[in-house]
Amino acid sequence: MRIIDSHHHVWDLSVRDQDWITGPELDPIRRDFFIEELRQETTRAGVDATVVVQTVTGPEETPELLELAGDSDLVAGVVGWTDLTEPNVADDLASLSEGPGGERLVGIRHQVQAERDPRWLLRPDVDRGLAAVAAAGLVYDLVIRPHQLPMAIQAAAARPELTFVLDHLGKPPIASGAIEPWAHNVRELAALPNTVCKFSGLVTEADWAAWTVADLRPYTDTVLAAFGPYRIMYGSDWPVCRLAASYGEVLDAAGRLTEELSPDEQAQVFGGTAKRTYGLGRCEGAMAG
């Protein structure tokens with residue numbers, strides 16, 4: 001079975017600060033993380049290809065990630081950032097696609113979780129930007145918190161031509177054990193055919209020091225039933241996952257949480273869904289290794 005890690009990050013703090021890494025609890029990841037270190041992890045874990053995802057709300061990072069991907073036989077796709085509220089967003093997307101490594105641009109993401117406007121995704125200027133993302137043949141990754149799921153449902157319903165990928169299951173409150181209203185809203189989102197869910201970011205929503213697979217299971221069972229394995233993709237969320245687990249431990253947990261699926265269904269979760277949703281087949285260099 002080919003394995004695609006559909007969600008990880010890299011950063012160089014000497015180039016650009018990651019201003020979200022604050023407080024002593026995040027000290028373990030307040031250092032540089034380069035693709036060479038990730039390659040050691042993916043080789044040990046048997047992962048064939050990856051998708052790197054933006055971390056910074058600004059225009060400089062995405063061209064760098066695209067150039068990195070273009071030179072890599074590991075990184076098959078880039079989920080980047082552009083300002084959806086700008087009137088020339090279509091031109092910005094075209095510029096990214098035409099630049100070095102531009103063929104690896106597969107999606108766009110914005111830190112909606114940090115927006116104070118409870119209707120940010122529904123603003124007319126943002127909706128215009130989402131339309132441009134769809135027209136460019138890209139997908140839109142949703143990084144949101146549970147209370148923002150109703151807004152995401154409305155946004156996805158309004159743009160059926162655009163595929164929305166829910167990162168980290170929408171960050172359910174695993175540490176507290178609460179499941180509603182998150183579960184109800186996730187089912188509503190999954191009822192829309194243009195939505196996909198990432199099996200990622202789970203361990204850092206649980207108790208970092210004492211999580212178990214059993215703690216994660218009510219949430220993963222919910223999305224498996226709601227989306228089905230053909231609309232779920234595995235992601236490590238490396239290096240953020242290191243706050244609670246190693247790269248291998250995250251992959252092992254995902255395997256245990258999906259062990260009752262058929263071999264074909266497992267193949268979808270661990271590769272097929274990501275390849276199909278992000279169109280990774282066109283990135284033959286990375287997908288060949």
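Full extension of the chain segment joining Ala209 with Glu86 gains 40.1 nm, where the gain is 0.36 nm per residue of separation less the Cα-Cα distance. Listed values (i) 20.3, 67; (ii) 21.2, 86; (iii) 17.5, 47 include one computed from this model; for Rg and Dmax of the Cα atoms in Å that value carries the label (iii).
Using alpha-carbon positions, what is the distance between the centroids of region 163-204 and region 213-272, in Å? Spelled out, the Cα-based centre of one part sits 12 Å from the other.
Each residue of region 108-118 is assigned a 3J(HN,Hα), and the resulting list reads 10, 9, 9, 6, 4, 4, 9, 6, 7, 5, x Hz, derived from the Karplus form 6.51 cos²θ - 1.76 cosθ + 1.60 (θ = phi - 60°), x at Gly and Pro. Using just its DSSP H runs of length 4 or more, each adding -39500 (n - 2.57), the chain gives a mean residue ellipticity at 222 nm of -10000 deg cm²/dmol after division by all residues. Volume per residue of the convex hull around the Cα atoms, evaluated for region 63-195, comes out as 113 Å³.
In order along region 57-66, the Karplus-derived 3J(HN,Hα) couplings, from 6.51 cos²θ - 1.76 cosθ + 1.60 at θ = phi - 60°, round to 8, x, x, 6, 5, 4, x, 5, 5, 5 Hz, and Gly and Pro are given as x.
Peptides 171-177, 267-273, 183-189, 20-26 ordered by packing proxy, namely the average of other Cβ atoms within 10 Å per residue, highest first: 267-273, 183-189, 171-177, 20-26.
No lab work stands behind these numbers, since they all come straight from the coordinates. Model, not experiment: these values are computed from the prediction. Heads up, the Cβs are rebuilt from the backbone with ideal geometry, glycines too, and the neighbour counts pull from every protein chain shown.
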